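Chemist: I'd like to ask some things about the structure below.
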Amino acid sequence: MVVLCRLISGEYYEEEIGVLFFAHQREEADRMWRFSRTLLNSTVGRATDHLVRRTAGLKTFEQPINYNDIIMPERQKLKFMDKVPNLKKPKKEPKRLSDIRGPTREASDFTLGQYGIVALGGGYLHWGHMEMMRLTINRRMDSKTTFACWRVDPPHKPLTRKGLGQRMGGGKGAIDHYVTPVKYGRLIVEVGGYCELSEVEPFLSEVAKKLPFPAKVVSRESLAQMWQEEKEKALSNQNPWTFERLVTMNMLGCRKVLSAFDLKHHGKFWGKFRLPDRV
């Protein structure tokens, strides 16, 4: 609202000009003020009018988030995960460290939610970890406006262990518990709905700190930026002596001490951990 004050014959008047607007920028407010001032000076006269400008409450507000494309599922909370898979006859398996080494090929992008937890290294999720995530997220989030969904499978890989005090030998031990293998770049859980990152980040970061591998809270934009930065780092590298070139030329016979895993991923992974500085 623009208020104009004029002094005519010794009396003070205050009147409101019918100019009502929402100014997202201060330049627009100044332009409207100069227009109303020129209009009044042309009708009343500059000698008898003294104009005073009052701009109260003119602030710059951010555009509200559009939630029109949000689809709320029927079940908003995380479902319970079974501790033991429903198998008629469970079979023992080798460790297969390749299950947790290298980048993931699935669940690396969002499906329903806008925020989530992404793994920055490989590892195994026990049933206790999943129960911790389920209880923490379900208790802290508002189920009326927010939903959460799993991006990992229930525990299905058996891990064996021998009893205490047994001698060496005697074959492979009995199945002790089941785990879910996770690779680098895989989303663990997604959270979405009519909410912002500042509302869900506190309890998501609390969950990420308790996981058995490094993880962090991401959004759709930050996850896409993370993948884009990895591509740009490889394209903008100015050092010609990269790991891939050294291995291809077999300099100093380095292939004797390198495994097929190192040749495949060009030394970007050290076991189950991702080396962030390696290009």
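The values are calculated or read from the model by the stated rules, or taken from the named source; none is laboratory data. Predicted model, so just to flag it, every value in this text is computed and none were measured. Because the Cβ atoms are built from the backbone with ideal geometry, glycine has one as well, and the counts that use them run over all protein chains shown. Remember, those area values only see protein heavy atoms, side chains included, never the ligands or the DNA or RNA. Shrake-Rupley method; radii C 1.70, N 1.55, O 1.52, S 1.80 Å.
Chemist: Being of a type in the set (Gly, Ala, Ser) and either surrounded by fewer than 17 Cβ atoms within 10 Å (Cβ to Cβ) or free of Cβ contacts under 8 Å to residues at least 12 places away in the same chain (or both) is the filter here, so list the residues in the range 257-272 that pass it.
Modeler: Hits for the range 257-272 are 259, 260, 271.
Chemist: Can you tell me which residue among 199, 232 is of a type in the set (Asp, Glu), surrounded by 14 or more Cβ atoms within 10 Å (Cβ to Cβ) and modelled with pLDDT of 90 or more?
Modeler: That would be 199, the only listed residue that is of a type in the set (Asp, Glu), surrounded by 14 or more Cβ atoms within 10 Å (Cβ to Cβ) and modelled with pLDDT of 90 or more.
Chemist: Please go through the range 204-247 and give me each residue that is assigned to a helix (DSSP H, G or I), within 28 Å of residue 131 (Cα to Cα) and of a type in the set (A, V, I, L, M), ordered by number.
Modeler: 204, 207, 208, 223
Chemist: Sticking with this one: Filtering the range 195-217 down to residues that are touching a Phe, Trp or Tyr at 6+ places or on another chain (Cβ under 9 Å) and among the β-branched types (Val, Ile, Thr), which residue is farthest from residue 185 (Cα to Cα)?
Modeler: 200
Chemist: Something else now. Report the residue count in the range 111-134 for those that are under 17 Å from the mean Cα position of the chain (by Cα) and open to solvent by 40 Å² or more (accessible area, probe 1.4 Å).
Modeler: 3
Chemist: Would you say residue 248 is hydroxyl-bearing (Ser, Thr, Tyr) and open to solvent by less than 80 Å² (accessible area, probe 1.4 Å)?
Modeler: When the stated conditions are applied, residue 248 does not pass them.
Chemist: Which residue out of 257, 179, 189, 247 is out of contact with any Pro (no Cβ under 7 Å at 6 or more places or on another chain) and under 28 Å from residue 156 (Cβ atoms)?
Modeler: From the options 257, 179, 189, 247, the qualifying one is 189.
Chemist: Give the residue that is most open to solvent (accessible area, probe 1.4 Å), with candidates limited to residues of the range 159-177 that are under 25 Å from residue 129 (Cβ atoms) and not charged (D, E, K, R).
Modeler: 164
Chemist: Another question, if that's okay. Have a look at 143, 108 and point out the one that is open to solvent by less than 50 Å² (accessible area, probe 1.4 Å), in contact with a Lys or Arg (Cβ under 7 Å, 6 or more places away or on another chain), outside any helix (DSSP H, G or I) and farther than 28 Å from residue 228 by Cα.
Modeler: None of the other options fit; the residue is 143.
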